[in-house]
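Below is one structure, written out as structure tokens; comments come after it.
The values are calculated or read from the model by the stated rules, or taken from the named source; none is laboratory data. Just so you know, these numbers come straight off a predicted model, no measurement behind them. No Cβ is skipped: glycine too gets one built from the backbone with ideal geometry, and neighbour counts run over all protein chains shown.
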């Protein structure tokens with residue numbers, strides 16, 4: 001498996017879970033990453049001070065051409081032009097199949113992906129980068145359906161901009177590959193199928209899985225005691241990677257929703273935020289709030305989900321967010337905007353609450369609906385946990401990937417007894 005990060009961020013955590021469970025079920029599986037975070041001998045990345053420093057600089061070097069667009073917007077971009085030779089590392093693994101995950105931010109250039117044409121490839125799409133001209137989150141732009149250019153995120157004034165250049169490089173490379181794309185959500189699959197780059201490719205829908213043995217319901221008061229959280233308050237949980245600094249995560253929309261509720265409605269409630277640095281100051285939200293910083297381990301994360309009365313996901317664009325699935329698995333229902341793949345996992349008023357996109361009044365209504373009715377909240381919690389068990393249990397997800405791997409390998413004339421990936 002190839003992934004920019006080993007475990008940092010939703011895409012990497014999903015990839016690492018899949019790698020770990022495949023290995024447990026007997027697959028000969030290893031990971032190649034740009035940022036190694038564990039001492040797992042089957043996870044390889046830059047070794048030594050110089051290699052690690054060079055790896056850390058790659059995202060910045062890869063983004064240097066973006067400096068030509070001084071008025072560009074801030075969403076993440078990957079140009080994938082910076083040369084990198086991974087041939088020897090891939091050959092050393094002797095793979096039967098290569099599984100790509102999130103590979104942007106300077107990790108793999110398009111030229112390196114082209115050199116993987118000797119192997120069958122599976123590419124799990126954790127965002128839209130594979131079929132755009134460089135952006136990871138196109139928002140409302142659909143120029144990827146044609147050939148990008150005049151990119152609104154770059155504030156480009158002409159069609160032959162950086163996005164068109166990246167699009168052309170992908171258009172020359174992707175048809176050379178024996179590749180199957182996997183979209184975790186139906187929404188992302190539809191977007192990929194509508195794109196000019198992937199419209200003729202095989203695209204399967206396999207959701208990201210959850211380890212339901214780890215992410216499971218538990219006693220709310222015990223969880224609060226363990227975390228030092230108040231026992232007598234209604235806790236609203238909000239968290240994401242860069243929760244306060246990434247505009248896409250929608251903290252400003254959550255603040256708007258909370259401010260729209262008068263203080264009496266939020267009496268005895270508190271907002272708990274995680275996923276961003278502790279030193280980042282929380283702006284006024286209309287109720288008491290605390291920032292718990294970055295939660296690095298699953299054990300503490302599980303306690304946090306169990307401690308909360310509800311989880312809020314006000315993102316502007318999402319694929320299939322891990323944190324909503326993890327919260328549901330721990331028996332905590334979510335209130336979210338109906339964007340991206342969220343309707344794949346939240347059935348409105350059955351397993352959670354879906355508000356029309358960006359209507360902060362409706363988001364506020366959903367928050368109050370769950371906070372104000374414990375029996376309704378508990379019914380949603382029970383329904384959500386049951387749905388996760390039936391659909392996103394990690395064992396089921398791994399079985400679907402194994403079936404896909406074997407189908408791909410058998411189509412090439414062989415099916416090894418032990419899968420190497």
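Among the residues of the stretch 228-239, write down those that are over 18 Å from residue 335 (Cβ atoms) and surrounded by fewer than 17 Cβ atoms within 10 Å (Cβ to Cβ).
Kept after step one, since they are over 18 Å from residue 335 (Cβ atoms), are these residues of the stretch 228-239: 228-232.
Selection gives 228, 230, 231, 232.
Would a scan of the stretch 327-336 turn up a residue that is in a loop (DSSP other than H, G, I, E, B) and in contact with a strand residue (DSSP E or B) (Cβ under 7 Å, 6 or more places away or on another chain)?
yes
Only one of (1) over 24 Å from residue 15 (Cβ atoms); (2) surrounded by fewer than 19 Cβ atoms within 10 Å (Cβ to Cβ) fails for residue 308. Which number is that?
For residue 308, the failing item is (2).
I'd like to know if the stretch 129-138 contains one or more residues that are without any contact (Cβ under 8 Å) to a residue 40 or more places away in the chain, under 16 Å from residue 171 (Cβ atoms), crowded, with 21+ Cβ neighbours inside 10 Å and out of contact with any strand residue (DSSP E or B) (no Cβ under 7 Å at 6 or more places or on another chain).
Looking through the stretch 129-138, at least one residue is without any contact (Cβ under 8 Å) to a residue 40 or more places away in the chain, under 16 Å from residue 171 (Cβ atoms), crowded, with 21+ Cβ neighbours inside 10 Å and out of contact with any strand residue (DSSP E or B) (no Cβ under 7 Å at 6 or more places or on another chain).
One line per residue, one yes/no per condition, for (1) surrounded by fewer than 24 Cβ atoms within 10 Å (Cβ to Cβ); (2) out of contact with any helix residue (DSSP H, G or I) (no Cβ under 8 Å at 6 or more places or on another chain); (3) modelled with pLDDT under 90:
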| residue | (1), (2), (3) |
| --- | --- |
| 329 | no, no, no |
| 332 | no, no, no |
| 337 | no, no, no |
| 346 | no, no, no |
| 358 | yes, no, no |
| 362 | yes, yes, no |
| 388 | no, no, no |
| 401 | yes, no, no |
| 404 | yes, yes, no |
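Count, please, the residues in the stretch 212-221 that happen to be in contact (Cβ under 8 Å) with a residue 24 or more places away in the chain and outside any loop (DSSP other than H, G, I, E, B).
1
Test residue 54 against the criterion of being out of contact with any helix residue (DSSP H, G or I) (no Cβ under 8 Å at 6 or more places or on another chain) and over 25 Å from residue 249 (Cα atoms), and give yes or no.
yes
Just wondering, is there one or more residues in the stretch 61-69 that are out of contact with any helix residue (DSSP H, G or I) (no Cβ under 8 Å at 6 or more places or on another chain) and surrounded by 21 or more Cβ atoms within 10 Å (Cβ to Cβ)?
Checking the stretch 61-69: at least one residue is out of contact with any helix residue (DSSP H, G or I) (no Cβ under 8 Å at 6 or more places or on another chain) and surrounded by 21 or more Cβ atoms within 10 Å (Cβ to Cβ).
For the stretch 55-66, does any single residue satisfy the condition of being touching a strand residue (DSSP E or B) at 6+ places or on another chain (Cβ under 8 Å) and in contact (Cβ under 8 Å) with a residue 60 or more places away in the chain?
Yes.
Restrict the check to the stretch 52-66 and report whether at least one residue is under 17 Å from residue 154 (Cα atoms) and at pLDDT below 80.
Within the stretch 52-66 (the criterion being under 17 Å from residue 154 (Cα atoms) and at pLDDT below 80), the answer is no, since none of the residues qualifies.
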